[in-house]
Amino acid sequence: MNDFAITHARSTDPETSHKAAGAARALAQQHQQMILRAMSDVSGGMTISDLAALTGLDKHAVARRMPELERDGCVYWSGERPMPTGRKGRVWFKGSQKAEAAMPALTKDGSVQHEPFPDLFRSMAQ
């Protein structure tokens, strides 16, 4: 996934700080995996509240992981919908928006409707 913002301990910090940073990194990666697994089990987009309910994580813990997952290209958000609080929340999807847009659409007979990454293939042909 990611390097958890490189490190959360300075080189001058005591060894206990480095151990704590390693534990925090491991926990962040575990939470990311839980979120991605939950997103794989459900079709469509989900809000932070939806993901918290599915993973059992606190909604604040989920919210902290989403920008990291977005930066890594694992998730993207598109649109908003009302949350239990009455405020609007982002709707998150697994995958990257760029990859989703470039995926070929399949027809009913299973043939590809359009070529994925057409600019890439054109540049390779030249």
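Inside the stretch 48-60, can you point out the residues that are surrounded by fewer than 18 Cβ atoms within 10 Å (Cβ to Cβ) and not charged (D, E, K, R)?
If the condition is that a residue be surrounded by fewer than 18 Cβ atoms within 10 Å (Cβ to Cβ) and not charged (D, E, K, R), then 49, 53, 54, 56, 60 are the ones that fit.
Among the residues of the stretch 15-42, what is the count of those that are modelled with pLDDT of 90 or more and either charged (D, E, K, R) or farther than 25 Å from residue 89 by Cα (or both)?
1
Pick from 73, 45: which is modelled with pLDDT under 95, surrounded by fewer than 16 Cβ atoms within 10 Å (Cβ to Cβ) and not charged (D, E, K, R)?
Numbers: 45 fails: surrounded by fewer than 16 Cβ atoms within 10 Å (Cβ to Cβ).
When all the criteria are applied, what remains is 73.
The values are calculated or read from the model by the stated rules, or taken from the named source; none is laboratory data. Just so we're clear, the structure is a prediction, and the values are computed from it rather than from any experiment. Note: ideal-geometry Cβ built from the backbone for every residue, glycine included; neighbour counts use all protein chains shown.
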